[in-house]
Structures are given as C-alpha cells and as structure tokens.
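Chemist: Could you have a look at this structure, given as structure tokens, before my questions?
The values are calculated or read from the model by the stated rules, or taken from the named source; none is laboratory data. Because the structure is a prediction, the values reported are computed rather than measured. Note that we place each Cβ from the backbone using ideal geometry, even for glycine, and neighbour counts take in every protein chain shown.
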Amino acid sequence: MPTDWAAVYQSLYGDLVRFLHRKVWDADRAQDLAQETFVRALDHDPENPRAWLFTVAANLARDEARGAVRRRAHLELVAADPPPPPADPAAETEARERAAIARAALERLSERDREALLLWDAGFSYDEIAAQTGLARTAVGTTLSRARHRLVEAHQALGGQHAALG
C-alpha cells in the first residue's frame, strides 16, 4: 500500500521542523528544509516513512551546514541598513545569549549523543533511535541519560542556568 504522505505530513511536520531547527538554528531555514524533505519523499515509498524522513532531513541539514561554511569563507558581509532595534533590547539580547549557550552546549556533544538527543526530542521511540543511530536498542536509554548529563554539564560550563531535561 502506498504511503499516505498527507497524513505523514500532518503528523510529522512539526517534529521534523523542530529537529531541523536544532540542526541549522534558523527557523525559516528549518521549515524550508522540512519542505524539501517532503518534496523528496514524494518520489519514494519507504517502509518506514518517519525514519526515512528524519534521515533525509539530517542529511539535508548536514549539507546545509557545509554550504554555510563555504559561503562564510567566500563572502564578505556588506552591511546594508542596520536592522531595526528590537522592542526590548535587553530581552532580545538575553534570548540570543541563551540560544547561543544552548547551541554551543549541543555542539560540545559527540555527534552520536547530539543525534540521539535530537531524535528523542523529536518523539522517536528507543527502537527508532536505535535504527537511526546504529546503537543497540538496549544502549539507547544509557546513551540518552549520559548525553543529557553531558549537555547539562556543557550548558553550565558555558554559563547557562540548569534546566530540567526531561
């Protein structure tokens, strides 16, 4: 039976965007990549659409990161008009600082730990995380627990406040 992509889209789009946002740290780009993932899905009928979508999304995000590094290395930034000041500069600055600390803490994790945490956050089951990461099913819980602990430590080392990581 062919995949009902409309139903898959309805059920997974939000999770996929959140997953991608934590990979590319740009909400608009995360939405674009999620759309691109679903466009690519239309030509396929995978056995496990959810796993297939997250694999394609992870690959697109990885390609995006490589492209961004190349663009940064080759482009000179030319300041056009400065952006308008935020409504509350202190709150905006604090939010950017919190996001930067969270991003830096995630980047300090190993690729396996980061991937496992992001998949778990996207709602994947332990079986699905095991299939995506190559971990044994029995190792997923331990990996997640250790990854959460490492994330909290990295976050605190960077000056972030401790937050419960469910």
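Chemist: When both residues are 6+ apart or on different chains and their Cβ atoms are under 8 Å apart, which pairs have a first residue that lies in segment 1-14 and is over 16 Å from VAL39 (Cβ atoms), and a second that is surrounded by 12 or more Cβ atoms within 10 Å (Cβ to Cβ)?
Modeler: PRO2/ASP45
Chemist: Still on this structure, please answer the following. Out of the residues in segment 1-60 that are within 12 Å of the chain's Cα centre (by Cα) and assigned to a loop (DSSP other than H, G, I, E, B), state the one that is surrounded by the fewest Cβ atoms within 10 Å (Cβ to Cβ).
Modeler: Among those that are within 12 Å of the chain's Cα centre (by Cα) and assigned to a loop (DSSP other than H, G, I, E, B), it is ASP26.
Chemist: Would a scan of segment 108-123 turn up a residue that is in a helix (DSSP H, G or I), touching a residue at least 24 places away in the same chain (Cβ under 8 Å), loosely packed, with under 13 Cβ neighbours inside 10 Å and more than 11 Å from the chain's Cα centre (by Cα)? Show your work before the answer.
Modeler: Of all residues in segment 108-123, those in a helix (DSSP H, G or I) come to 108, 111-121.
Imposing the further condition that a residue be touching a residue at least 24 places away in the same chain (Cβ under 8 Å) reduces the set to 108, 112-121.
Then drop every residue that is not loosely packed, with under 13 Cβ neighbours inside 10 Å, which leaves none.
No, segment 108-123 contains no residue that is in a helix (DSSP H, G or I), touching a residue at least 24 places away in the same chain (Cβ under 8 Å), loosely packed, with under 13 Cβ neighbours inside 10 Å and more than 11 Å from the chain's Cα centre (by Cα).
Chemist: Quick one: which residue in VAL78, VAL17 is modelled with pLDDT of 85 or more, out of contact with any His (no Cβ under 8 Å at 6 or more places or on another chain) and on the phi < 0 side of the Ramachandran plot?
Modeler: Values: VAL78 fails: modelled with pLDDT of 85 or more.
Every option except VAL17 fails the conditions.
Chemist: Shifting gears a bit: Out of segment 125-134, which residues are closer than 24 Å to ARG103 by Cβ and in contact with a Phe, Trp or Tyr (Cβ under 9 Å, 6 or more places away or on another chain)?
Modeler: ILE129, GLN132
Chemist: Of (1) within 24 Å of TYR13 (Cα to Cα); (2) at pLDDT below 85, LEU118 satisfies all except one. Which?
Modeler: Unmet condition: (2).
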